[in-house]
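These notes concern the structure reproduced below.
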Amino acid sequence: MSIKTLLPLMFAAGSIASYGNESPVPQTDESLYAKVKPLSPEESMKTIQVPKGYKLQLVASEPMIKEPVDCVWDGNGNMYVLEMTTYMQDADATGQAEKKSRVMKLQDLDGDGKMDKSTVFLDGLHLPRMILPLDDRVLLCETDTLDIYSYRDTTGDGKADEKVLWYKGGPRGGNMEHQASGLIWNIDNWIYTSKGGERFRMRDGKVERIFSRSSNTQWGLDHDDDGNFATGFSGLEVSFQYFQTPIAYSSSKFPGELEEGFNEVWPIDNIPDTQGGRRRLRENNTLNHVTAACGHGVYRGDLMPEFYGSYLLCEPVGRLIRRANVDTSKGYKVMKNAYPKSEFIRSTDANFRPINLRTGPDGALYIVDMYRGIIQESAWTQKGTYLRNVIDEYGLYKNVQMGRIYRLVPEDFNKKTPAPKLLDKSSTELIAYLGHKNGWHRSTARKLLVLRNEKNLIEPLKSAFSKSKDSQEKIEILWTMDGIDAVPTEVLKSQIFGSDPRVAVHALRILDPLLKKNDPAAMAIYDKLLLDVSEPQVLVQAFLSAKENAHSPAVVKYRDEMVVKHENHPVVKMHINQWKEDMRKAREWREFQQALKGKGPHFERVMQSGAKHYKSLCFACHGNDGLGTPMAGTDSTLAAPLVGSPRVTGDPKKLIKIAMHGLIGPIDGKTYPGAMESLASHDDKYIADVLTYIRNTWGNSAKLITDKEVRQIRHQYRNRKSPWTIEELEK
């Protein structure tokens, strides 16, 4: 049966039958499988379109690496590759939790860009998802935990033999697509991840942690030269978000910040394996909208200066990479597709799955291609779903245990690049790298200087700062001095009122701790700012800093005076409006908490916990209002509404079953994209709290669900692997 024959059956009301726990052999159409059979790296590269004047070079491929999901470099240019070797080895994710994944250490011995030597740096891991080289240590975090460990090779054989707990985060449940990623060392010397709102830094050899805003994004996190995030939320079908300011100040979303039609994509493959079904496909089977935006990056290399500062993202379902130009003509950022109705990089190879992008020590753009058939996690590949039928008929499940890393370079580039060897350089030598044209070198040198924390560098840094004529180098030096607690206030003041607004903005950010403490020098600077400054960038940062540090009447006064004075400024007002919106949401949260008063402390705690869980996960498909998130370009929502639903307010056992195993098929005669995912990986209390929340919000009213009730259903149906249908639940 062809996919065209299957589609009407799959969307007919009541047509999806219940499946047992046995897994029949998928019925693959061999003529369709011929379209998705794996190609050699050389054959695959011929199918990948790149901009005119550029070429791809193969850096590494199977068997050297398998199932790669990220790559990073230490200061000496050794590449570390994260491998998720058990990820989706079939459509049911059989054996996915087994600890068989690895971190590979790769070395390019002759500088030609192709890896010559590989070593298993770490083995026996559970789907490693975050990695950050420090100095001779490498930080790593695995799936289902927020514990971060530091690893070191003390013998020089390329294998880690020292393991130290760097941060105790504890267990983390949930679907692996909804767990933290990132672990990036930003311009402010804080280490950020997606989800959770935690950030870390090293001070005097100790780890500090604070909570700030969560980016609440998914797979992929990077930053530009000013510390603004490149990230997005594929669950909401959003390409980029939170790029207007550093996340420490605001999770701003401005009207029109993505040009009209920006989230529409232009692939050249025609394999219809999208979770969203036919509504996410054009008539020719090409993807019509971002659905798996991930692996976000910012190109900061010196090899292709014409691309410098471009924001990038991977769309592995569409087998493409988008490059966005950043238009700042309005005073804030607007993302525009650099190739209208086309893409930066795209392929006809069904297994081309770009999922991460990095700027390398050589200045090239590195592309991590997981190269496989299935790219969605098992929550969305359940039997009976549109996506599962495509996977089975095309035989995509067969294509596993491969992977490639490419680099994009100019077409005439054939130069050999020596390894940087920054770990071997003295701190004084590293200062010169703070002005390097390649952002990788600048960031790595600053990181190493901050980790070394040598106070005798104050004078050399001040000297380098006074001699520099380059804005970015000045910014790097300022943050280096801040990282070792050595930035003089008089230097900050001279830059805040200097002629370079970019440097002034960063000087204001570094001044924040003094402003928070009501330091007289900081207060004097703000007195002057209120009178003398008109540069939009500086005004915006002054407002953001005052807003964020308004812990005293004096700073509140600065903030409020700026609001009055600049609320009609064409740029500043955008940030003021965002702050007012944040205040409105905070007020609604307080009102929500107040409304719980008098209903008992237990109910209050459960509802607060459930609201937190809902807003970090469920809202993506069901919407903040419980009515379902609109699916762009269609008349559908990503999931069924929860408001007034008899499945929500009715028999709690049915609702627990849905939460535990998921739900497929038509609901009230309507089919939604994909399937309701299972929440079984979360603990009983998590599920009980979030279900109680949706049963008692938006006008819904029903009794609490307890973790004991969840535990009973979990045990009773412990052998069930497939999602429920409405017909089954109502028998």
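Fewest neighbouring Cβ atoms within 10 Å first, the residues Glu98, Glu709, Glu315, Glu459 line up as Glu459, Glu98, Glu709, Glu315.
In terms of overall dimensions, the C-alpha atoms belonging to region 383-460 reach 67, 35, 19 Å along their principal axes, ordered largest to smallest. Stretching Glu727 away from Lys253 to a fully extended chain increases their span by 166.5 nm, per 0.36 nm per residue minus the current alpha-carbon distance.
Which values, in whole Å and largest first, are the semi-axes of the equivalent ellipsoid of region 242-396 obtained as the square root of 5 times each eigenvalue of the Cα gyration tensor? Show your work: numbers first, answer last.
Values: eigenvalues 169, 66, 43 Å².
In descending order the semi-axes read 29, 18, 15 Å.
Which value in Å does the Kirkwood hydrodynamic radius of region 74-145 take, with 1/r averaged over all unlike C-alpha pairs and then inverted? It would help to have the intermediate numbers written out before the result.
On the way: mean 1/r = 0.0753 Å⁻¹.
Computed over Cα pairs of region 74-145, the Kirkwood hydrodynamic radius comes out at 13.3 Å.
For region 277-322, the Kirkwood hydrodynamic radius comes to 12.1 Å, computed from all pairs of different C-alpha atoms. Extending 7 Å from Cα along the Cβ direction at Phe211 and again at Asp668 yields two label points whose distance is 3.5 nm. Sequence-distant contacts, meaning Cα pairs under 8 Å at least 6 residues apart, place the relative contact order of region 597-729 at 26 percent.
With Cα atoms defining each centre, region 33-54 and region 512-589 are spaced 52 Å apart in the structure.
How big is the C-alpha Rg of region 424-482 next to the rule-of-thumb value 2.2 N^0.38 Å, as a ratio? Write out the running numbers ahead of the final one.
Numbers: Rg = 10.0 Å, N = 59, 2.2 N^0.38 = 10.4 Å.
For region 424-482, the normalised Cα radius of gyration comes out at 0.97.
In the chain, taking the dipole from charged Cβ atoms about the Cα centre, the farthest positive-side position among Trp589, Val207, Ser463 is held by Trp589. With the simple model of a label 7 Å out from the Cα in the direction of the Cβ, Lys341 to Asp110 spans 4.6 nm. With the alpha-carbon atoms of region 597-729 aligned to their principal axes, the span from lowest to highest coordinate is 43, 35, 23 Å, starting with the largest. Centroid-to-centroid, using Cα positions, region 158-189 and region 308-376 are 25 Å apart.
Structural size metrics of region 656-697, computed from C-alpha coordinates, are Rg and Dmax of 11.5, 32 Å. Which value in Å is the Kirkwood Rh of region 105-211 over different Cα pairs? Kirkwood hydrodynamic radius for region 105-211: 15.2 Å. Run the quick spin-label model on Asp625 and Lys163: label points 7 Å from Cα toward the beta carbon, then report their separation in nm to one decimal. With each label placed 7 Å out from Cα toward Cβ, I get 5.0 nm.
Here region 549-633 is treated as a sphere whose radius is the Kirkwood value from Cα pairs; by Stokes-Einstein at 25 °C and 0.890 mPa s it diffuses with a coefficient of 154 µm²/s. What's the local net charge at Glu343, with K and R +1, D and E -1, over the other residues with C-beta under 10 Å away? Computed value for this residue: +4. A simple count of charges around Gly111, restricted to other residues whose Cβ falls under 9 Å of its Cβ and scoring Lys, Arg +1 and Asp, Glu -1, yields -2.
Note down, for the chain, the three equivalent ellipsoid semi-axes (square root of 5 times each alpha carbon gyration tensor eigenvalue), biggest first, whole angstrom. Write down the numbers at each step before the final one.
Numbers: eigenvalues 343, 223, 115 Å².
Square roots of five times the eigenvalues give 41, 33, 24 Å.
Positive end of the charge dipole of the chain (Lys, Arg +1 and Asp, Glu -1 on Cβ, about the Cα centre): tell me which of Leu281, Thr697, Ile355 has its Cα farthest that way. Positive-end residue among those listed: Thr697. Report the normalised scattering of region 455-578 as log10 I(q)/I(0) at q = 0.13, 0.14, 0.19 Å⁻¹, calculated by the Debye formula with identical scatterers on the alpha carbons. With one equal scatterer per Cα and no solvent, log10 I(q)/I(0) is -0.51, -0.59, -1.01.
Would you mind ranking His715, His126, His506, His551 so that the residue whose beta carbon has the fewest other beta carbons within 10 Å leads the list?
On the way: His715 8, His126 18, His506 26, His551 12.
In increasing order of surrounding Cβ atoms, one gets His715, His551, His126, His506.
Normalised Debye scattering of region 161-286 at q = 0.10 Å⁻¹ gives log10 I(q)/I(0) of -0.43, counting only Cα atoms as equal scatterers and leaving out solvent.
Each peptide in 330-338, 477-485 receives the mean, over its residues, of other Cβ atoms within 10 Å, and ordering these scores from highest gives 477-485, 330-338. In terms of other Cβ atoms within 10 Å, Asp470, Asp204, Asp512 run from fewest to most in the order Asp204, Asp470, Asp512. Put simply, the C-alpha atoms of region 237-279 give a gyration tensor, and the ellipsoid matching it has half-axes of 29, 12, 9 Å, longest first.
Every number in this text was worked out from the coordinates using simple rules, so none of it is lab data. In this text, all values refer to a predicted model and were calculated from it rather than measured experimentally. Neighbour counts run over all protein chains shown; Cβ positions are idealised from the backbone, glycine included.
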